[in-house]
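The values are calculated or read from the model by the stated rules, or taken from the named source; none is laboratory data. As the structure is a prediction and not an experimental result, all values here were calculated from the model. FYI the Cβ positions are ideal-geometry reconstructions off the backbone, even for glycines, and counts take in every protein chain you see.
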């Protein structure tokens with residue numbers, strides 16, 4: 001185990017013509033942690049992941065994955081040997097059966113664990129004889145996850161791993177991710193399921209229109225983000241609350257709702273000075289932080 | 001031992017776990033020498049990052065409430081300090097009860113009292129203060 005970042009990028013850019021899908025991305029994913037990668041559809045998550053894996057070339061900038069440069073084909077290949085990756089569309093060979101697929105993948109990877117594969121196969125209840133093209137969306141996802149989890153990678157990169165899974169499947173997935181992390185694997189996954197992320201992630205990165213807007217530990221987000229609802233005797237002045245750490249201020253009559261990423265004390269002090277008749281401070285969930293972040297941008 | 005972590009309370013999960021283990025020691029649900037589940041086992045059971053469990057265990061070891069033995073897990077060491085903490089909690093409960101009675105006498109509804117308590121507890125300076 002080292003403390004060097006599992007993933008690190010500097011000014012990573014990907015342009016398609018005049019459209020910048022990823023803009024000046026400085027990403028740092030800590031080792032032995034679970035990091036969630038959030039963003040709306042088209043925010044640039046999958047493009048970023050594909051650049052990290054050497055599947056598409058960056059237009060500018062550089063980065064390393066497990067200490068190997070992503071721009072160097074040989075180094076990138078070396079890194080790929082230590083990474084399990086589950087792609088967004090879960091590409092598998094439709095003409096193979098579940099059993100053939102597992103045997104095929106097992107012959108491929110040096111870090112393959114037969115016992116784990118059997119255990120997961122039993123837990124997921126996948127039909128061995130069925131052709132992959134006849135699997136339901138959820139089963140297909142499970143098979144793709146099985147292939148990733150049966151290895152013992154240093155880094156696990158999952159692009160929307162819970163897509164198509166039922167609540168039981170999602171719970172099993174989260175448990176497996178937690179278990180993988182406990183074995184020392186670094187987990188980096190993109191997701192739209194904010195409630196899941198909120199439970200298991202150590203850190204969260206929020207990408208919006210190709211830009212990294214938030215890169216913080218969930219502990220930090222939980223401790224610093226607050227919504228402060230204020231009531232005043234007369235209509236308050238919104239600009240009074242435009243200060244450092246205040247993400248947004250909304251007014252309705254005598255009420256103000258302040259969304260703060262810090263500096264809560266200063267807000268309370270100002271509210272006291274302006275003779276607020278009610279001050280309520282409430283914690284903010286990751287869903288609100290996410291919505292506020294992508295809306296503000 | 002049952003622990004329940006709530007991701008939406010505005011408090012880091014490792015702090016919630018620390019408090020619940022402390023509380024279990026104070027109430028006697030966990031006793032001196034009791035073994036806590038391993039990091040991986042508890043992480044899978046609570047479905048939280050193993051780093052959350054590791055951080056809570058290591059902070060409690062720092063406080064002297066847990067002893068971490070290499071390879072064999074975490075053991076509780078309930079010393080006099082914990083019991084005096086239990087006395088503190090007992091005293092605090094009594095004072096809170098008295099305060100609530102006074103507020104009710106002043107005509108405040110329970111819901112208003114609860115909100116006032118919650119608002120004060122979420123005050124940032126209160127959160128960082130260590131018990």
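For the list (1) outside any strand (DSSP E or B); (2) over 17 Å from residue A:39 (Cα atoms), I need the number of the one condition that residue A:163 fails.
The failed condition is (2).
I'd like to know if segment A:26-33 contains one or more residues that are more than 14 Å from every other protein chain (Cβ to nearest Cβ) and over 22 Å from residue A:187 (Cα atoms).
Looking through segment A:26-33, none of the residues is more than 14 Å from every other protein chain (Cβ to nearest Cβ) and over 22 Å from residue A:187 (Cα atoms).
Restricting attention to segment A:147-179, report how many residues are within 13 Å of residue B:44 (Cβ to Cβ) and more than 13 Å from chain B (Cβ to nearest Cβ).
Within segment A:147-179, residues that are within 13 Å of residue B:44 (Cβ to Cβ) and more than 13 Å from chain B (Cβ to nearest Cβ) number 0.
If I filter segment A:139-158 for residues that are under 28 Å from the mean Cα position of the chain (by Cα), in contact (Cβ under 8 Å) with a residue 12 or more places away in the chain and exposed (fewer than 15 other Cβ atoms within 10 Å of the Cβ), do I get at least one hit?
Within segment A:139-158 (the criterion being under 28 Å from the mean Cα position of the chain (by Cα), in contact (Cβ under 8 Å) with a residue 12 or more places away in the chain and exposed (fewer than 15 other Cβ atoms within 10 Å of the Cβ)), the answer is no, since none of the residues qualifies.
Looking only at segment A:103-150, which residues are touching a strand residue (DSSP E or B) at 6+ places or on another chain (Cβ under 8 Å) and over 19 Å from residue A:170 (Cα atoms)?
Passing the criteria: A:105, A:106, A:109, A:111, A:112, A:113, A:128, A:129, A:130, A:131, A:132.
Just for strands (runs of 3 or more DSSP E) wholly inside segment A:200-280: which have at least 2 residues that are within 11 Å of another protein chain (Cβ to nearest Cβ)?
Strands (runs of 3 or more DSSP E) meeting the threshold: A:226-231.
Rundown of residues vs (1) modelled with pLDDT of 95 or more; (2) under 17 Å from the mean Cα position of the chain (by Cα); (3) over 30 Å from residue A:181 (Cα atoms), yes/no style:
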site	(1), (2), (3)
B:47	yes, no, no
B:69	no, no, no
B:111	no, no, yes
B:117	no, no, yes
B:121	no, yes, yes
B:124	no, no, yes
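Quick grid of which residues meet (1) under 16 Å from residue A:283 (Cβ atoms); (2) surrounded by 17 or more Cβ atoms within 10 Å (Cβ to Cβ):
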| residue | (1), (2) |
| --- | --- |
| A:196 | no, yes |
| A:200 | no, yes |
| A:210 | no, yes |
| A:223 | yes, yes |
| A:227 | yes, yes |
| A:240 | no, no |
| A:243 | no, no |
| A:265 | yes, no |
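Could you give me the residue pairs with C-beta distances under 7 Å whose first residue belongs to segment A:110-121 and is at pLDDT 90 or above, whose second residue is surrounded by fewer than 16 Cβ atoms within 10 Å (Cβ to Cβ) wherever it lies, and which are 6+ apart or on separate chains?
Listed by first residue and then by second, the contacts come to A:112/A:106; A:114/A:106; A:117/A:106.
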